[in-house]
Structures are given as structure tokens and as C-alpha cells.
Amino acid sequence: MENKNKLLLIDGSSVAFRAFFALYQQIDRFIAPSGLHTNAIYGFHLMLTNLMERIQPTHVLIAFDAGKTTFRTAMFEDYKGGRSKTPDEFREQIPFIKEMIDKLGLAHYQLVDYEADDIIGTLDKMAEAPDVSFDVTIVTGDKDMIQLVDGNTTVEISKKGVAEFEAWTPEYLKDKMGLTPTQFIDLKALMGDASDNYPGVTKVGEKTALNLLHEWGSLEQLYDHVDELKKSKMKEHLIADRKMAFLSQKLATINVSSPIEIGLEDTIYRGPKVEELLAFYDEMGFAQFKQKLGGQLEKSGDDHPVAVKKVAYQVVVSADEIKVKPDDFFYLEILGGNYHKEEVIGFAWGNENEHFVSKNLSLLTAFDFPENTYDFKKNRVLLNRLGIKLPLAKFDAMLAKYLISTTEDNRISTISKLYADASLKSDEEIYGKGAKLAVPDDAELFGTLAQKIHTLAVSKEKMIAALEENEQLSLLTAMELPLSEVLAKMEITGIAVNKATLETIGRENETRLSALTEEIYALAGEEFNINSPKQLGVILFEKLNLPHGKKTKTGYSTAVDVLENLAVTSDVVAKILEYRQVSKVQSTYVKGLIPQIASDGKIHTRYVQDLTQTGRLSSVEPNLQNIPVRLNEGRKIRKAFIPSEHATLLSSDYSQVELRVLAHVAKDPNLIAAFKADADIHTSTAMRVFNIASANEVSANDRRQAKAVNFGISYGETEYGLAKRLGIPNKEAAEIISTYFERYPEVAHYIENTKREAKDKGYVSTMFNRRRKLLDINSRNFNIRNAAERQAINAPIQGSAGDILKIAMINLDRALETQHLNAKLLLQVHDEIILDVPNDELDQVKALVRETMEQAVELTVPLKVDENIGATWYEAK
DNA sequence: GGCATCACG
DNA sequence: ACGTACGTGATGCCC
């Protein structure tokens, strides 16, 4: 099924005028910081976004009148004469409307001697040519263009405000006036047009003109038989004004063969130029549009339908046809995301001009893989299953895009919108989603693959330029790319899991859950679904009348912190908490993990390398970065994770890495001193904040509070948050925080400077130039802005810490290789790595890991590593 | 598919 | 006066 192209043609001059008057009442509310009136600009934008949303065009052109004189004034001097002067407040906004149109990624055009109508009529005709055949919507403020309606063309005329339009189709025109589109011209010829200032026939208005046309069919027919009319004033006028009638007919006729210098290909909608648009909104003072654009991008990456476009390709069947250039791109396609399980459905390679596609996997065994790709890690893991080992790519477009901006996703369709011609359909459109996921026919599959190669090739230079501009090139080549190889190996290796252990835990849990269920039902006096927060809320807060704390959007909150307060006095709540704990372990970690054990007895997670806002990894299908550890109840799950034969699990984690990074980036002397002295950091903070002279006078409670402060600081925590966490009055929390900043003044400066930097530049950076954009940092909304400020404070800390472990992993992988050790990296959990170490390598590897992690980068404070070993992950902690 | 909940660093 | 920590993923419920 092929989508049809949709062309939206807008009479910019008339729509802008409409927009100006729609918001004229409130003109004084629409003033840019520069003093410029913006009501027409704002209204025009509103109209445009409404139209774009509703019509979803693939092509758009906004036509403007070029000037006062046109070929029509040459025919009739008074054409459009007698109009009152356009207000200055309106005229001055026109250039900005055009600028805005540019930045929205839309085309505009004007042509000397012609009106917007003529440009639109000409393009409309082009769009109806049989080989293109678009659906066309014309939007305007006056009725002249109704003559253009036909089976493919609808004319929408602005009725009221910025969103109400009357849609004219041939049927509607027939219904409403009993006319055909061509007759509409004759209508104007007879009745004239007051605003365009041509008279038509004296004393003939709409009513008379319609009657005449219904009777005679056309102006020509009417005049051919004008003598047959019975004697009347009207007949005299018709005869007297014959010349004017035919002149008016000419004036009313839109020129559909105007000498325009643009074509349909110039009107393809490729989406907004986001950065420029954001700056424009600032200039105009359009806060809501800015907000909305940011939000849209975060959500969906501005999904608009795109022009149907084909890229030529060559299907390669046999090995002797393969031609690969070293700087080609290579791309592998699978359905869905799980490359541990899914089969390759096709692959492609090539460059901007040549696109080769194939489904013949055997070709890959002797393939000369080119330097550039998209998602190297996926390729590496997939091809490993086919026994093919490919060399590390030099450029990975997915990772490059991620480094440039984390605001949108990094799909090729998004890359196409940002760096190419936006002509790529989303994978969802091609392959479907969920249950409807399917391989399309060869033509569509190959066409898509070819377009992907084309998009990647076209985008590469622009992405490299952006990386250079941001000084992020080495982040790609020396960090993310080598890491992708390390992660690929870890994913391929997988971690051995003892299914029987999980099953035993599962049986125990089932027994406990049934017992708990019975007890809860008895205490509640009825049966209900304990897993339903809604039903649970009714039981606890309506039936048992327990005091309810906070509410959620949908009802009472039954979250742990609420239930914990109630559990002190309520047996049933205590049981429910216990049930929840067991149930979580059972559903997510027993029932969830067992089916994830592959036929090799291992679990192979996938690390998502292009997702987080801070540069951390994430882990999916299954997530092995959130295996329980805090409560023994869940921690037992770790007993199922085991080393290979004659090996031991080694877990090495950075001690307080984020606080050390904070000490380093903030250059705080007191924090640095504490780490240099290898002091217990929470005790040290307690001493400074609570004025305690010696470490052994610090109580457990002092340390607990200091620990909360230490963590809270790097998240930008407020006094309210700290008070709640520690269960102390707000005032006391405020006191603690202000004392903290007195004792650690450079931390206070760091926080202020980071916020300042974020507000000035719109982004913050890690020690290694990883960026996080903060679109909301200058929001006028207190909450939104504060949230962005906290993100600004945290991102460089969390991100730098993440970068440090990435560096350590790369170095460790190399060291293991050069020292010919058989130990293998298995897992990464943000500040910790887990290795499978042959027993005879244990001492050496333990030292090597420690050394590599501690020396990954040199900070003003030492990095410290703790390690644990064990015969299961449970013990190695 | 959104929401609530809870697992991790 | 606002309304409360940063970053994730999986599950079950319910519309």
C-alpha cells in the first residue's frame, strides 16, 4: 500500500491578514521583546500548526502576493484599487512570518506581476498531472479560489478565528450554489468583486448572477442569447456592460500557467529546523510554542507523514556481484529489537549514489565490511551467530546521533529528518508493530533498505561536522565505538543462570503468597485482587477506614511509604507489604527471568547504548541492572547467577564515584581533602555539617543524615525533599543544607555555575564533553524550570561517572586481551562490573580490574574500587 | 497504552 | 505560592 502525497497550498497574504484581525483585539498582548507586534505572526503560526496537524501534508507551499501591480492591473487599472492602506503593525510582521515559515521547514514563494492565487492555481494544476496525482488542499481567506475545486482539490476558506474553515468541494459548491467550478468564475464576472474593485455588470449581484447562470450555464451562453431575454433594466445593463463582464471574467480567472520557477519537489515538507525555530520563538517571546516543540520532540521526534520517494537499488544475489567501497555504509535489518533471537531479514550497503540490497546471508561470509554502519553492536552480535566476525566500524551513525543530541531518538528516520530529506518512512509504517510485525514484500523491503543506506550516507558529513563543532569526535571514536565492541562481547558471552535455583525460589514464593493471600483476605473480611492498587485502596481506605495519605491521579496511593506508616498499627497492611515484596520477586525475577534463559543456559541481556540522557547504559530483555540486592528476600535471586566451570564471579565497584566526581569538578577543598585522606565520606560530612570534632563522636543518626545530604546534593535536592526523607522539620533541613554549603563552598559555586551555564548555553557537559540539552531550563513555569535545574546539576556528575566506567571497561577489555587472560566481562551495573574469572587467574585479574578502574582517569581525588568474589552473584557482594 | 508500583545505581 | 531528587526497565491492572 502506497501513501498518497498531500499538498497543502496556502494563500499567505490573505491568511496573514485574517490572522492579524483575528487577534487584533488583543494586539497589545502580542509584543516581542524587541517591541514588534506579533499578533499576526502568532495567529499565522496557530493556523499553520492546526492545519499541519489536521491535514498532515507531505508537501506545503505558502504563496504571497508580490506587490501592488500585477498583470491584472495592466488589464484593468483600478484592479484592487481603492483599498485602504494596510496597517503598519501588519506590514512589519510579514517578513517575520516568512522567516518563521522557513524555520518551520515550509516553502514560501512569490512572483512579480502575479498574485498568490495564480501561484497556487499553477501548482495545483501541476499536482494533478496523472503521473503525480496529489490530494490538494488550498487554504485562503477569500472565495476567489473556489474555482479550483475538483475531485482532488479542496478549498478551505477561513471562517472565524484561526481554526474554523469552510471546506469547498465540487459537491459542496453544487449543493450550496448549484454551480460548477468554472461557473464560479462567471459568477464573479457578472457580480464583480468589491474588494478586488472590479464591477462586473451594473446592478447584478449574487442572486441575479446565480439565476442567470442556472438558466444559461455560462457567461458565453448568456451573451450568445442575450437578445432573447425579455426586455428589462437588467437586459440593458447586460448589453451595456458586456465588455466589463468579459474583462471581469478574465480578472476573476486564476492563471494556472504562471511562469513560476519552483516545482513540487521544492515544496516537500521535511519538518522544522528545530534549533533555529527555538531561537525564533525566543526572539518573538513565544513561550508556549517553544515549550510545545520541546515536548513534541521528546515524545515522538516530530512525526509527520513524509513525501513518498524512491531510491534506486540493485539486488545482489551472488558473491561475484558484490562491490563494496571502504567508505560505504553497511546496514543489517531484523524485525523488532532482539538481535539475540531475531533472524536477519535483509541487508544493504552502498553510498549516496549506489545502493545494494540482498537477502542472501551466505554472501556475508566473505564480505568486505565497510567502515561505516548503523548500530555496530547489533551487527556484531547478529553476525556472531552466523559465525562471522566483523571488524570494528569507524563510524556508527546511531552512536554519533546519540552523542550530538539525546533529545530525540536515534532511529534512521529521525536522522533523515535532522540531516537528510526526511523522506524515510518509520519502521513502524513499513514493518508494523506488536502482533502485526511482519516482513514486507521484497520491493518494499529493498526500497526501505536502500533509502536507509542513502540517508546514512547523506547524513554522515553533517553529523561529523556537528561532532567536531561540539568537540565530541573522540567521544565517538575513542569511547562509544570501542565500548560497543566490548558490550557486544559481554552480550554474546551472557551470564550462566541456574534455572533449578530460580524454580526452587519460585516454589517457596508460591507457598508464601498463598498463605499471605489467605491471611490478607481474612483480615480484610473479603477477597479482592491484592495486586490492584485500585481495589486495595477501596479495602484499606474505605472499608477499613485507614487514614489515607497522598492521592495519585487515579485514586488513593498505596505506595510503600504510605503503607509503611500504616503497617505500624495495621496487621493487614504489614501483610500486604510482605505480599508485595514476595510478589515482585516472583513476577519480575522468577517468572520474568526463567523464560529469558537461552538454550545455552545463559541470559543474554542487551545494553542500550543510545538511550539515557546522561550517558549511562541501560539493560533490556531482561534488565540485569536491577536484580534485587537491598532486601535479602530478593537478593536470593542472585544465587541463581553463577560463573562458568572452574571459575568465580568477581564484582568490582567504584566506591562513591559520583561524590568523587563532584569533588573533582567542583574543586571543593574540603571534599577533596576528605577523599584524599580516604575518610568515610558520610562521617566526614557529618563532622563538618554538625560541627563534630572527632569521627568517633559521630552517631549512627548523624551519619545517616549526612549520607542523605551527600546523595541529595548531587541531585539538586531541596530542603523539603531532605526533610521528608529524614523525617525532620523543613527548617532543620534548610539549616543542614545551608551549613553544608558553608562548609563546602565550592560545591555551592559548582551548582550555581552549572545552572548558569545551562541557562546560557542550553546544555551541560560531562568531563568528556558528553552533552545533555535542557530545553526547559528557562521555562517560566517554576516546577518545570526547577526540574531542569536539578537535571543540569546531576547530569555532569552522573554522566562523568558513567564515562569513567566506560573508559575502564574499554581499557580492561584490552588488558585482558593483551595479557591473554580468559576472564570475561559479563555485566555492567553503572558503577560496577561483574566478571567471570577462571580460578587460576583470580588474583591477577582481581588486581588488574582494580588497577584499571582506579587508573581509568586521573582526578584530583583518588578513585577507589571495592571487590567481592563468590561462587554465585549472591556471594560476590 | 497509560498508570502505579517497585527493582537497581 | 509553587511541590518536591537524578537516571533507568518490567510487571500487572484497567480502560
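Any read-out appearing in this document is the output of simple, stated calculations on the displayed coordinates, not a laboratory observation. All of these numbers come straight from a predicted model, not from anything done at the bench. We place every Cβ from the backbone using ideal geometry, glycine too, and count neighbours over all the protein chains shown.
Couplings 3J(HN,Hα) for the range A:147-159, derived from phi with the Karplus relation 6.51 cos²θ - 1.76 cosθ + 1.60 (θ = phi - 60°), are 4, 8, 5, 7, x, 9, 10, 10, 10, 9, 10, 4, 9 Hz, where x marks Gly and Pro.
Near A:Leu821, once Lys and Arg are set to +1 and Asp and Glu to -1 for all other residues with Cβ below 15 Å from its Cβ, the sum equals -2.
How many angstrom separate the Cα center of the range A:695-723 from the Cα center of the range A:402-473? Measuring centre to centre over Cα atoms gives 46 Å. Ranked by the mean number of other Cβ atoms within 10 Å of their residues, highest first, the peptides A:100-109, A:543-552 fall in the order A:100-109, A:543-552. Between A:Asn778 and A:Ile345, residue separation times 0.36 nm minus the direct Cα-Cα distance comes to 151.3 nm. Simple point charges give the picture: +1 on the Cβ of Lys and Arg, -1 on the Cβ of Asp and Glu, and for the range A:778-824 a dipole about the Cα centre of about 240 debye.
Sorted ascending by nearby beta carbons within 10 Å, beginning with the fewest, A:Leu523, A:Leu445 become A:Leu523, A:Leu445. With the largest listed first and rounded to whole Å, the semi-axes of the equivalent ellipsoid of the range A:140-221 from the Cα gyration tensor are 22, 16, 10.
Taking Cα atoms only, the orientation of helix A:242-252 departs from the longest principal axis of chain A by about 10 degrees. Set the bar at 19 Å for Cα to Cα. Now go through A:Lys401/A:Lys462; A:Lys80/A:Lys143; A:Lys489/A:Lys636; A:Lys203/A:Lys233; A:Lys433/A:Lys591; A:Lys292/A:Lys433 and name every pair that lies beyond it. Result: A:Lys489/A:Lys636; A:Lys433/A:Lys591; A:Lys292/A:Lys433 exceed 19 Å. Rg and Dmax of the range A:810-877, based on Cα coordinates, read 12.1, 36 Å.
In chain A, a dipole from Cβ-located charges (positive for Lys and Arg, negative for Asp and Glu) runs towards its positive end, and of A:Gly271, A:Thr552, A:Pro259 it is A:Thr552 whose Cα lies farthest in that direction. Packing order of peptides A:691-703, A:181-193, highest average first: A:181-193, A:691-703 (average count of other Cβ atoms within 10 Å over each peptide's residues). Ranking of A:Phe782, A:Phe20, A:Phe369 by neighbouring Cβ atoms within 10 Å, starting from the fewest: A:Phe782, A:Phe369, A:Phe20. Residues whose amide H lies under 5 Å from that of A:Phe641, counting only those 5 or more places away or on a different chain, are A:Asn498, A:Trp873, A:Tyr874; hydrogens are built 1.01 Å from N in the peptide plane.
Under a model in which nothing but the beta-carbon of Lys, Arg (+1) and Asp, Glu (-1) is charged, the range A:353-399 shows a dipole of about 300 debye around its Cα centre. For chain A, the longest principal axis of the Cα atoms and the long axis of helix A:657-666 meet at an angle of about 60 degrees. The spacing between the range A:595-632 and the range A:192-207, judged by their C-alpha centroids, is 75 Å. With K and R counted +1 and D and E -1, the other residues having a Cβ less than 15 Å from that of A:Thr552 yield a net charge of +3. For the range A:314-494, the dipole from Cβ point charges (+1 on Lys and Arg, -1 on Asp and Glu) about the Cα centre works out to 500 debye, to the nearest 20.
The relative contact order of chain A, computed from alpha carbon pairs under 8 Å that lie at least 6 residues apart in sequence, is 9 percent.
Order of A:Tyr607, A:Tyr331 from fewest to most other C-beta atoms within 10 Å? Before the final figure, lay out each step's value.
On the way: A:Tyr607 21, A:Tyr331 24.
Final ranking by Cβ density, sparse to dense: A:Tyr607, A:Tyr331.
Straight-line cross-link partners of A:Lys676 among the lysines, defined as a Cα under 24 Å from its Cα and at least 8 positions apart when in the same chain: A:Lys667, A:Lys707, A:Lys806, A:Lys846, A:Lys864. One Cα centroid belongs to the range A:71-112, the other to the range A:667-692; the line between them spans 68 Å.
In degrees from 0 to 90, rounded to the nearest 10, what is the angle of the helix A:274-284 Cα long axis to the longest principal axis of chain A? Here the helix axis deviates by roughly 70 degrees. Shown here are the Rg and Dmax of the Cα trace of the range A:314-494, at 15.5, 43 Å.
Please give the net charge around A:Ile520, taking every other residue with its beta carbon less than 11 angstrom from that of A:Ile520, where Lys and Arg add +1 and Asp and Glu add -1.
So the surrounding residues net to -4.
Let me check against my output: what whole-number percent is the relative contact order of the range A:314-494, with C-alpha pairs under 8 Å and at least 6 apart? Over the range A:314-494, the number comes to 26 percent. The phi-based Karplus calculation (6.51 cos²θ - 1.76 cosθ + 1.60; θ = phi - 60°) puts the 3J(HN,Hα) values of the range A:414-428 at 6, 4, 4, 5, 7, 10, 10, 9, 6, 8, 8, 6, 6, 4, 4 Hz, whole numbers, x for Gly and Pro.
Using the Cβ-Cβ distance between A:Lys143 and A:Glu275 with R0 = 41 Å, the FRET efficiency computed as 1/(1 + (r/R0)^6) comes to roughly 0.55.
With helices as the sole contributors, chain A gives -14000 deg cm²/dmol at 222 nm; each DSSP H run of n ≥ 4 counts as -39500 (n - 2.57), and the sum is divided by every residue.
The orientation-averaged projection of the convex hull spanning the C-alpha atoms of chain A amounts to 47.4 square nanometres.
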